[in-house]
Amino acid sequence: MLFRRSDFPEEGEIVLCRVESVSKSSVFVSFLEYDGLSGIISISEIAPGRIRTIRNYVKEGMIIVCKVLRAFPERKHFELSLRRVSDKERKNKLEFMKQEQAAEKIVEFIAKKNSLDFNKLYDAITEELFKEYSSLYEAFYDIATTKKEFPLKKIAPEVREQLIKTIHDRIKPKVMDIEGNFFLSSIADNGIELIKKAFKEINGIKTPSDEQITITYAGSGKYRFVISGSDYKKMEEYLAKIINHLEEFSKKHKLEFSVERKE
C-alpha cells in the first residue's frame, strides 16, 4: 500500500502496523502509514489476561491493527496496544486498507495500460486529490458516486479519461440502511385516515440523492422503517426531514408520535 501520512500518529489513533520482531516481553512494529516510524507493544498490551508466550498471538511479518497509547513525536517513540482495539475499530481499519489497495490497483492498471511508471502516476494523482481528501479511495468513491470532475492537471487528458472511466467501472455505490420504528396513534374517529395521510405526505419530501424509505405496519401503532441509500450523511438528513414532518403533522392533528432508532 503506497498511502502515507506525512505527520505523526496521535494518542488514541488506530494504526496499521507490521510486526518486525518479537522478544519475551515486547513486540516491535513498523507503521504502514508513516514512513520511518516504529512502535513498541509491551506484553501487557498484547491480550487480556496472563500471557505465557507472545508468539502465540503475534509473529514476525504479521499485519496488525493497534491503538496508540502514548506518543512522543520529538523522540519518535510510540507505545501501542493490541488488546485495546475493539472489533469494530479493527474491522474499519482493515476495510480502509482493503479499499485503499483497490484504489491503487486502479492507478496500477492505468499505468500499465499507458506504459507509465506506477509510482510517478500515483504521485501525480494524489498530489492534487490529497488537498481535499484524506485517502485515494475516498476521492475515487466521490468521483464514482457524485460524478464530480477533477482537472488532474499533471496527467495527460487521455490518461485522465481512462482513469475516470475505470473508477466508474470498478467502484460502485455502497447501499446502506438506517432502520427503526415510528410509533403513531390517535384516539380520533378518523385516526387511521390521518395516519395514512401523514405517511402519504412523506412521498413529497424531496431528496437530492438516491435515498428511499420503506414503511411497513408492525402492529399496535408501530411502523417499521428502512431508509436505503449510498450516502449516510444524506440518509440522516432525509430521516430528519421525515421525523420533522411527522412531528409537525402529529402536533397539528393531535396524534401521539415517537421514533425509535435501531442500532
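Please treat every number below as a calculation from the coordinates, not as lab data. The shown structure was predicted, so the numbers you read here are calculated from the model rather than taken from an experiment. Cβ atoms come from the backbone with ideal geometry, glycine included; neighbour counts cover every protein chain shown.
Electrostatic bookkeeping for ARG224 treats Lys and Arg as +1 and Asp and Glu as -1; over the other residues with beta carbon under 14 Å from its beta carbon, the sum is 0. Here the range 38-67 and the range 198-236 have alpha carbon centers that stand 45 Å from each other.
Other residues with beta-carbon under 11 Å from the beta-carbon of PHE249 carry, at +1 per Lys or Arg and -1 per Asp or Glu, a net charge of +2. Applying the criteria of a DSSP loop state and at most 16 other Cβ atoms within 10 Å to the GluC sites (Glu not before Pro) of the range 108-195 yields GLU132, GLU149.
Counting Lys and Arg as +1 and Asp and Glu as -1 over every other residue whose Cβ lies under 11 Å from the Cβ of LYS153, the net charge comes to 0.
For the range 172-263, trypsin sites (Lys or Arg not before Pro) meeting the loop criterion (DSSP other than H, G, I, E, B) and having at most 13 other Cβ atoms within 10 Å: LYS174, LYS206, LYS254, LYS262.
Relative to the dominant Cα principal axis of the chain, helix 136-146 is inclined by about 30°.
For the chain, the relative contact order works out to 13 percent when only alpha carbon pairs closer than 8 Å and six or more residues apart are counted.
Just so you know, the Cα atoms of the chain work out to an Rg and Dmax of 25.2, 77 Å.
On the beta carbon distance between SER220 and LYS91, with R0 = 45 Å, the FRET formula returns roughly 0.80.
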